[in-house]
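Q: Here you go, one structure.
The values are calculated or read from the model by the stated rules, or taken from the named source; none is laboratory data. Treat the numbers as computed from the prediction; the structure is a model and nothing was measured. Methodologically, a virtual Cβ is constructed for each residue, glycine included, from the backbone with ideal geometry; neighbour enumeration extends over all protein chains shown. The area values use the complete protein model at the heavy-atom level, side chains included, leaving out ligands, DNA and RNA. Shrake-Rupley method; radii C 1.70, N 1.55, O 1.52, S 1.80 Å.
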Amino acid sequence: MYKLIRSILFLFPAEAVHYFAMNCLSLAAKIPVIKQLFDFASGIAANPVTAFGIGFDHSVGLAAGFDKNARYLYELRALGFSHVEIGTVTPLAQEGNPKPRLFRLPHDQALINRMGFNNDGVKVISDRLRKYRQATMENTRSPERSRGAFIIGGNIGKNKITPNEEAWKDYEICFRALYDLVDYFVVNVSSPNTPGLRELQEKESLRKILSHLQTINSQNGKMKPILLKIAPDLTPPQVDDVIELAAEISLDGLVVSNTTISRDALSSKSQELATAIGAGGLSGKPLAERSDALIRYISEKSEGTLPIIGSGGVFTASDAKRKLEAGATLVQVWTGFIYEGPAIVKKILRGLK
Ligand SMILES: Cc1cc2nc3c(=O)[nH]c(=O)nc-3n(C[C@H](O)[C@H](O)[C@H](O)COP(=O)(O)O)c2cc1C
């Protein structure tokens, strides 16, 4: 059924379809009969997982960048995700790069994006999250609550206009503003679409940003888990630096990985299309092997002490299983949602059983 809908949706520009589909889902969720169906469908048998001190209903979540502005939390929860990572959020609102900036490579079940951290800014997003939190707290007797908590991660970044030397201030602004509203944080220094951002993955820059956040964290009563999201394109010495630093500053985990700037894993059929598309981060099936290898390397090198959220090419239960076996505790989907449709969580969980 979704394949038929997908063939129609794929006739239109990818970014427009993304928002159209999410708004349709939102509207549908407001119709009482459909809402009941949603609620029924979200009653997925839980397979609880604990990671960085947080209990998750199961291991499958939604990766950052899908609901950048925390607009669709109710709907995403109803689709069965155990967690959603909002953002990347920056201090000031940003329009991002000129459109078109999201492209499909159907032959390889991949996407290329150069969105550039388009988001409503931390003030608007934290107000929206606060309302969501208040609404769901008021709703403590509703059936959804008894199914366990829906975990929200806050993925934070820096504005394009902020120079790298002052990036730590942007991370602090977002960290403080979202502190009471999210369950864990992800520091994003690995998006290929903000010029110079990935230079912050160098050990000294990372130390400055992360240790500063840890200091603020320790001054608050209850410490929030802080994870770092890394690029799949790091060199082996850079990966070793990240592992060392993680131990040094008691980082709570890693998200492995963001999109790749490499086009090596694309089939020859998609290479030409990718060249025509130009710059951007590649996601989906061609990323899976690289991300799995990186998860395995980090897990072995850190002797399993560093919790990992696996991201990159998760479409099916076997994709998720490969990441869990490589050492991830949780997995996240993004591109798989576009190709497999909204039943993706249920299908993966059924297959993982
Ligand atoms: C259109 C698009 C926007 C994204 N935006 C973000 C973002 O804002 N922050 C981030 O950390 N990752 C972002 N990502 C990366 C995803 O979170 C994910 O790590 C990556 O796409 C690999 O997973 P996948 O192969 O399942 O798509 C984005 C990905 C896509 C396709």
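Q: Would you mind checking which residues have amide H under 5 Å from GLY116's amide H? H placed 1.01 Å from N; only 5 or more apart, or other chain.
A: Result for GLY116 returns ASN97.
Q: Once you've got the GNM for the chain with C-alpha springs shorter than 10 Å, pick whichever of ASP264, ASP170, ASP127 has the biggest mean-square fluctuation.
A: ASP264
Q: Another question about this same structure. For ALA70, which sequence-distant residues (separation of 5 or more, or a different chain) have an amide H within less than 5 Å of its own amide H, given hydrogens modelled in the peptide plane?
A: Placed amide hydrogens put GLY87 under 5 Å from ALA70.
Q: A further question follows. Which whole number in µm²/s is D for the stretch 86-221 by Stokes-Einstein, with the Kirkwood Rh taken over Cα pairs at 37 °C and 0.692 mPa s?
A: Result for D is 199 µm²/s.
Q: So, one more: Could you order the peptides 55-62, 321-328 from most to least packed, using the average number of other C-beta atoms within 10 Å per residue?
A: Going from most to least packed, we get 55-62, 321-328.
Q: Accessible area per residue of the chain at 1.4 Å probe, in Å²?
A: Here the per-residue accessible area is 44 Å².
Q: Then there's this: Could you work out how far the C-alpha centroid of the stretch 291-353 sits from that of the stretch 223-252, in angstrom?
A: For the stretch 291-353 versus the stretch 223-252, the Cα centre distance is 18 Å.
Q: Moving to a separate point now. May I ask you to rank MET223, MET137, MET115, MET1 by accessible area, largest first, using a 1.4 Å probe over the protein chains only?
A: Ranked from most to least accessible, the order is MET1, MET137, MET223, MET115.
Q: In nanometres, what is the gap between the two model label sites at SER250 and ASN23, each 7 Å from Cα along Cα-to-Cβ?
A: With each label point 7 Å from Cα toward Cβ, the separation is 4.7 nm.
Q: Please find, in a Gaussian network model of the chain (springs between Cα atoms separated by less than 10 Å), the residue of ALA231, ALA64, ALA93 whose mean-square fluctuation is greatest.
A: ALA93
Q: Let me ask you something else. Within the P(r) computed for the stretch 158-251, what percentage of the Cα pairs occupies the region above 20 Å?
A: 33 percent
Q: Would you mind computing Rg(Cα) / (2.2 N^0.38 Å) for the chain, counting N as its residues?
A: For the chain, the normalised Cα radius of gyration comes out at 0.93.
Q: For the stretch 239-325, report the translational diffusion coefficient in µm²/s to the nearest whole number, using Stokes-Einstein at 25 °C, 0.890 mPa s, and a Kirkwood Rh over Cα pairs.
A: 174 µm²/s
Q: Leaving out ligands, DNA and RNA, and with a 1.4 Å probe, what % of the accessible surface on the chain is carbon or sulfur?
A: Summing carbon and sulfur atoms, their accessible area is 57 percent of the total for the chain.
Q: In the structure displayed, which of LYS68/LYS347; LYS68/LYS158; LYS203/LYS301; LYS160/LYS203 lie more than 19 Å apart, Cα to Cα?
A: Pairs exceeding 19 Å: LYS68/LYS347; LYS160/LYS203.
Q: Nearest-5 percent of antiparallel DSSP beta bridges in the chain?
A: The answer is about 30 percent antiparallel.
Q: Where Lys and Arg each count +1 and Asp and Glu each count -1, what net charge lies around MET22 among other residues with Cβ under 9 Å from its Cβ?
A: Once all neighbours under 9 Å are counted, the net charge is -1.
Q: Under the Karplus relation 6.51 cos²θ - 1.76 cosθ + 1.60, θ = phi - 60°, what is the ordered set of whole-Hz ³J(HN,Hα) values for the stretch 251-266, x standing for Gly and Pro?
A: 5, 7, x, 10, 9, 10, 8, 7, 6, 10, 8, 6, 10, 4, 7, 6
Q: Ranking request for peptides 195-203, 101-109: highest mean number of other beta-carbon atoms within 10 Å first, then the rest in descending order.
A: Final packing ranking: 101-109, 195-203.
Q: What does the charge count near ARG207 come to, summing +1 for each Lys or Arg and -1 for each Asp or Glu among other residues with Cβ under 11 Å from its Cβ?
A: In short, -3.
Q: Hey, with R₀ at 30 Å, roughly what FRET efficiency would LEU92 and GLN214 work out to, going by the Cβ-Cβ distance, to 0.05?
A: So the FRET efficiency works out to roughly 0.75.
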